[in-house]
Every structure is written in structure tokens, then in C-alpha cells.
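The block underneath contains the structure these notes are about, expressed in C-alpha cells.
The values are calculated or read from the model by the stated rules, or taken from the named source; none is laboratory data. Computed from a prediction, not measured in an experiment: that's the story for all the values here. Backbone-built Cβ (ideal geometry, glycine too); neighbour counts: all protein chains shown. Note: areas computed on protein heavy atoms with side chains; ligands, DNA, RNA excluded. Shrake-Rupley method; radii C 1.70, N 1.55, O 1.52, S 1.80 Å.
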Amino acid sequence: LSSSCDCISIDELCNDKVLSVSTGDEIGKMAYGTGNIPFVRTSDFSNWELKHDPKQGISDEIYQSYKTKQDVKAGDILLVRDGTYLIGTSCIITEEDEEMLYCGGLYKIRVNENDIIDEWLLLALLNSYLVKRQIRTKQFTRDVIDTIGKRLYEVVLPIPKSKEVRKSLSNQMKRIVESRMEARVTIKDESDKIC
């Protein structure tokens with residue numbers, strides 16, 4: 001792909017401050033069910049977005065204690081770090097999802113510079129066959145759970161050299177996710193009228 005793409009590792013992009021990567025927190029099962037703020041885990045992912053009804057909710061008090069550290073913003077991408085067949089699964093955070101915490105088995109990837117790559121292109125690349133295959137070959141078993149651990153940084157992203165191709169991929173991914181979000185809101189609004 002080197003003729004049409006700049007093949008750059010996630011580690012290089014982090015060193016150049018194009019991307020930043022962090023992990024979530026394990027808040028403990030006693031916090032589950034204490035409120036309505038989503039505590040996102042790997043089971044809450046669905047087709048590049050978060051499910052609208054997360055399995056676990058936490059209290060505002062717990063949320064406030066982690067909010068600044070986790071610093072979740074629209075455009076962040078969550079990627080599954082631990083968990084066998086789900087490793088490498090990713091979703092993008094929208095404005096509707098910002099009030100949440102995420103678990104320690106997830107990576108949060110944030111795009112800091114948009115000249116090289118934006119969050120929509122990154123989401124497309126993370127879901128490409130070549131990147132998913134790399135992630136699969138880099139996962140290993142730690143204790144009793146499969147993980148990609150810090151080997152995520154070894155993954156090479158094939159970023160198209162053409163600005164037009166990058167923009168086209170980005171716009172297409174954005175359209176897909178936004179149309180799903182609109183459908184989700186419409187379904188919720190219509191179901192709220194019933195109850």
C-alpha cells in the first residue's frame with residue numbers, strides 16, 4: 001500500500017501528538033445500578049456506535065469523581081482492548097454519549113490533529129480488513145483473558161496520501177454514523193409517545 005498510502009503506526013502518531021490514547025477505569029460492581037449515567041463496557045458496542053441502552057448505569061456522584069480524568073468528548077473513539085473475539089471492535093462517541101464513563105478494558109483514542117487524519121477516517125481505518133487483521137495477530141493471553149495490551153501501538157494505519165480520498169472516506173463514515181444516530185433518536189421519540 002505504500003504507493004497510495006502513508007503507512008504509519010499508532011505509536012508514531014502518538015509520538016507526533018496526532019493521536020492520544022488512554023484507558024478507562026474499573027469502578028467496581030458495587031457501583032452498577034446506582035444511577036442512570038452509562039458505564040460503558042465492551043458489551044455496549046454495536047456497529048461503530050454505542051447502544052442506546054447500556055447495561056450498567058452509575059450515580060452522578062461516581063460519574064463526577066472520574067469525569068475529569070476520563071474526559072470523554074464527541075469524536076473520541078473507544079476500542080476494545082480486552083475480551084477475546086471483541087478485541088479491536090470500535091465505536092465513535094457522539095455529543096449524545098459524552099456523559100458516560102468507560103471501563104478499563106477499553107482504549108479511548110482521540111485525534112488531536114486533523115491535517116493528517118480525522119476521527120471519521122480513523123474509525124474507517126480501524127474497521128478496515130488490514131487493520132483488523134493486524135489487531136487479531138497481535139492479541140495474546142494475559143492471565144486468563146485475551147488482550148491486545150500495548151501492542152495496539154504497533155498497529156500500522158494505511159492513511160491514503162490523496163486528500164480527496166481521505167475526505168471521501170471520512171465523509172462517508174460520518175454520513176453512515178449520523179444517519180444511524182438520527183434513526184435512533186426518531187425511534188426513541190416515537191416510542192416515548194406510546195408510553
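For the range 138-159, give me the residue count where each residue is within 24 Å of residue 43 (Cβ to Cβ) and either of a type outside the set (Lys, Arg) or touching a Ser or Thr at 6+ places or on another chain (Cβ under 6 Å) (or both).
Of the range 138-159, the ones within 24 Å of residue 43 (Cβ to Cβ) are 138-152, 155.
Imposing the further condition that a residue be either of a type outside the set (Lys, Arg) or touching a Ser or Thr at 6+ places or on another chain (Cβ under 6 Å) (or both) reduces the set to 139-141, 143-149, 152, 155.
Matching residues across the range 138-159 total 12.
Would you be able to tell me the number of residues in the range 86-106 that are more than 24 Å from residue 171 (Cα to Cα) and in contact (Cβ under 8 Å) with a residue 60 or more places away in the chain?
Restricting attention to the range 86-106, the residues satisfying the condition of being more than 24 Å from residue 171 (Cα to Cα) are 86-87, 99-106.
So of that shortlist, the ones also in contact (Cβ under 8 Å) with a residue 60 or more places away in the chain come out as 87, 99-106.
Of the residues in the range 86-106, 9 are more than 24 Å from residue 171 (Cα to Cα) and in contact (Cβ under 8 Å) with a residue 60 or more places away in the chain.
Residue under question is residue 168, and the condition is that it be open to solvent by 40 Å² or more (accessible area, probe 1.4 Å), at pLDDT below 95 and either part of a loop (DSSP other than H, G, I, E, B) or more than 18 Å from residue 13 (Cα to Cα) (or both); does it hold? Show your work before the answer.
Working: open to solvent by 40 Å² or more (accessible area, probe 1.4 Å): yes; at pLDDT below 95: no; either part of a loop (DSSP other than H, G, I, E, B) or more than 18 Å from residue 13 (Cα to Cα) (or both): yes.
It is false that residue 168 is open to solvent by 40 Å² or more (accessible area, probe 1.4 Å), at pLDDT below 95 and either part of a loop (DSSP other than H, G, I, E, B) or more than 18 Å from residue 13 (Cα to Cα) (or both).
Among the residues making up the range 38-75, those that are closer than 24 Å to residue 175 by Cα and charged (D, E, K, R) are 44, 49, 51, 53, 73. Of everything in the range 5-44 that is of a type in the set (Gly, Ala, Ser) and at pLDDT 95 or above, the residue that is nearest to residue 164 (Cα to Cα) is 9. Being under 12 Å from the mean Cα position of the chain (by Cα), modelled with pLDDT under 95 and closer than 22 Å to residue 126 by Cα is a description that does not apply to residue 95.
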